[in-house]
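Notes follow the structure.
The values are calculated or read from the model by the stated rules, or taken from the named source; none is laboratory data. All figures in this text were calculated on a predicted structure; none of them were measured in a lab. Note: ideal-geometry Cβ built from the backbone for every residue, glycine included; neighbour counts use all protein chains shown.
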Amino acid sequence: MRKHSLLHRWIVIVLALSTLSSFYACTKDNAPNNTSVIIDSNSVPNPPVVLKKLLALGDSYSIGQGVSNTERFPNQTINKIRANGILMDYPGSIVAQTGWTTRNLLNGISTAAPNLQPPYDLVTLLIGVNNQYQRRDTNEYKIEFLECLNKAIAYSGNRPGRVFVLSIPDYGVTPFGMANAAQIALEIDRFNRINKEICINNGIDYTDITTSTRLAANDPDLICSDSLHPSGIEYEKWAELLAPKMIPLLR
């Protein structure tokens, strides 16, 4: 009887230990997980950098006929903006060609449209010298310049405050136009009165660069080697006028 009693106790102890072991295992499996999830910051992709964009619409003055790409006034303007800590896409987008009138520019914008990526943070417009040179009608210029301006506003995302119009340079002071300097100056002023009035009526910023270009009459360094178009030095003067007005809009 004693042997059976000891055996019975041993069986009870073994069963108790087995039950306790099972309970512990079960409790462990169902215990709340207090382990922190740590994500390496280097594995989280940074948000993409969004660069500000500039679009220049115009003619030979916007593409910088006779100077390097870096000397073009749109690109010099961008560099001055970037020097103030603002991230800008470089070089700027340019829709322009030597010899273009307002009508040519409108056609050129339509052709370039599939490759453009509006809205642009800044848009410049400088057009009209070839209207004057080709003796185009001023009333025609008035109508088409407004069309060009409306295109510029549209490409700015319908933000007129982001559009900057430059006056038409006076090429009569260059060796190319010197023989007819007085007449050219008179006609350039006439076209500039038209584009300036349109800008005022539409609340568009207007930058007079004509006065600066006339200084080339006594400073050949302001004219490039083709004896007609501005040099990079002159284009930098335009950039110095534009950048301070643009920077506050981009901050």
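Within the stretch 62-85, restricting attention to residues that are in a helix (DSSP H, G or I) and hydroxyl-bearing (Ser, Thr, Tyr), which residue is surrounded by the fewest Cβ atoms within 10 Å (Cβ to Cβ)?
Restricting attention to the stretch 62-85, the residues satisfying the condition of being in a helix (DSSP H, G or I) are 62-63, 69-71, 73-82.
Subsequent filtering for residues that are hydroxyl-bearing (Ser, Thr, Tyr) retains 62, 70, 77.
On the way: Ser62: 26, Thr70: 12, Thr77: 26.
The residue in question is Thr70.
Looking only at residues in the stretch 91-127 that are in a loop (DSSP other than H, G, I, E, B) and touching a strand residue (DSSP E or B) at 6+ places or on another chain (Cβ under 6 Å), which one is surrounded by the most Cβ atoms within 10 Å (Cβ to Cβ)?
In this case the residue turns out to be Ile127.
Output the residue which, of all residues in the stretch 128-152 that are of a type in the set (A, V, I, L, M) and over 18 Å from Ile94 (Cβ atoms), is surrounded by the fewest Cβ atoms within 10 Å (Cβ to Cβ). Working first, answer last.
If we filter the stretch 128-152 for residues that are of a type in the set (A, V, I, L, M), which is where we start, we get 129, 143, 146, 149, 152.
In the following step, the residues that additionally are over 18 Å from Ile94 (Cβ atoms) were identified as 143, 146.
Details: Ile143: 11, Leu146: 17.
Going through the qualifying residues, I end up with Ile143.
Is it the case that some residue within the stretch 161-168 is under 24 Å from the mean Cα position of the chain (by Cα) and farther than 26 Å from Val67 by Cα?
Checked the stretch 161-168: at least one residue is under 24 Å from the mean Cα position of the chain (by Cα) and farther than 26 Å from Val67 by Cα.
Being in the same structural domain as Ala243 (by TED's automatic domain parsing), touching an Asp or Glu at 6+ places or on another chain (Cβ under 7 Å) and modelled with pLDDT of 95 or more narrows it down to one residue among Gly128, Gly66; which is it?
From the options Gly128, Gly66, the qualifying one is Gly66.
Which of the residues spanning the stretch 70-88 are touching a residue at least 24 places away in the same chain (Cβ under 8 Å), out of contact with any helix residue (DSSP H, G or I) (no Cβ under 8 Å at 6 or more places or on another chain) and farther than 20 Å from Glu234 by Cβ?
The answer is Leu87, and nothing else.
Applying the selection to the stretch 140-159, what residues are in a helix (DSSP H, G or I) and without any contact (Cβ under 8 Å) to a residue 60 or more places away in the chain? First the steps, then the outcome.
Looking only at the stretch 140-159, we keep the residues that are in a helix (DSSP H, G or I), and these are 140-155.
Result: Glu140, Tyr141, Lys142, Ile143, Glu144, Phe145, Leu146, Glu147, Leu149, Asn150, Ile153, Ala154.
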